[in-house]
Structure formats: C-alpha cells, structure tokens
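The values are calculated or read from the model by the stated rules, or taken from the named source; none is laboratory data. These numbers come from a predicted model, not from an experiment. Don't worry about glycine lacking a Cβ; one is built from the backbone with ideal geometry, like all the others, and counts go over all protein chains shown.
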Amino acid sequence: MKTEILTIIIMLILAAVLISGCSQKTATIAQEKTSQPQELPKEAKAQQQQAETPPQQQEQPQEVVAATPQQQTPKSYNVEISGFAFQPQQITIKTGDIVVWTNQDSVSHTIKSDTGNEISSSSLSKGATYSHTFTQPGTYDYHCSIHPSMQATVVVE
C-alpha cells in the first residue's frame, strides 16, 4: 500500500512538472507571435508611406502682419482730498487707468459724478480711499455731494 501511494505521488509530481513545462512553452510561443510585426494590407501600407513622406516644399506667399501697439499695464493715479479740495483739481489719464482718491481731511467726503453714475463713492472718513478704473475715454466732472463746492475733473484719453 505504501508503494502504491508512493507511486501515485511520484506520478502526480511528474504530471505537474510536465504540465508546467508545457504551459511555459505555450506562453513563450504566444509571446513570440505577438512580438513579430504583422503584415499590413496594401492600402494601409500606402497610407503609412504617405504619412512618412515629407510634403513637397511649395513656395507659399508670406502674410505680412502689421505691428500692433502693445497694451500697456494700467497706471494708478492718486488724488488727495485735503483742505476741502481735490488735489490735483484736474488729472489726465489713459483708458484703463485707475484713480485712487484718499481723504486726508478730518471730515467725511464723497466722490460723485456730476452727470451719470460713473463715479460714485460712499462717504469716506479720514484715511479712507475710493478707486475707480476708467474704461471709456471722455471728460468726467465730479464733486463731493456733502460739500458741493469741491469740484474736479478726470480726463480719459
């Protein structure tokens, strides 16, 4: 009985070795088949050759592009509110520039457009600021709505 069991175990081991050897050979053959280049149909070959062939150089008319002025970085201009006056009383800036008003007086002031709502600040206490970016050219007259005699102008070119 021991001999029969021993014989069965040996046969099982041999079978396992044979099976593992065969599966490795099958895997190697499959790997070799997939790594070999495959033959392309004639149409695919022609398309591949066209893609690999550089196009013929034809003289193309050159387009002339006019130089355009570079957009400038917006500048910031300061207007001080001091002694119940805007300083400077008139300022000239470019489209896109920013004006910053700073109240230096101990009383509150506002900045309001004479016409329209282009410029409109809340009440500014001492040290407070208001800024506005001017996007359209024009002349912008403004005043302090608390002290209407305080008047000034921003000219946007």
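From Ser108, Ser113, grab the single residue that is without any contact (Cβ under 8 Å) to a residue 40 or more places away in the chain and under 12 Å from His143 (Cα atoms).
Every option except Ser113 fails the conditions.
Please state which of the following conditions Gln56 fails to meet, knowing it meets all the rest: (1) at pLDDT 95 or above; (2) farther than 30 Å from Pro148 by Cβ.
Among (1) at pLDDT 95 or above; (2) farther than 30 Å from Pro148 by Cβ, Gln56 violates only (1).
Within the range 109-119, is there a residue that is touching a Gly at 6+ places or on another chain (Cβ under 7 Å) and surrounded by 17 or more Cβ atoms within 10 Å (Cβ to Cβ)?
Scanning the range 109-119, I find no residue that is touching a Gly at 6+ places or on another chain (Cβ under 7 Å) and surrounded by 17 or more Cβ atoms within 10 Å (Cβ to Cβ), so the answer is no.
Would you say Val79 is outside any loop (DSSP other than H, G, I, E, B), touching a Pro at 6+ places or on another chain (Cβ under 8 Å), modelled with pLDDT of 95 or more and not aromatic (Phe, Trp, Tyr)?
The answer is yes for Val79.
Are any residues in the range 128-157 over 36 Å from the mean Cα position of the chain (by Cα) and not in a strand (DSSP E or B), and if so, which ones?
If we filter the range 128-157 for residues that are over 36 Å from the mean Cα position of the chain (by Cα), which is where we start, we get 141-153.
Selection gives Cys144, Ser145, Ile146, His147, Pro148, Ser149, Met150.
Has the range 115-126 got at least one residue that is on the phi > 0 side of the Ramachandran plot and more than 32 Å from the chain's Cα centre (by Cα)?
yes
Would you call Thr102 without any contact (Cβ under 8 Å) to a residue 40 or more places away in the chain, closer than 25 Å to Gln72 by Cβ and in a strand (DSSP E or B)?
Yes, satisfied.
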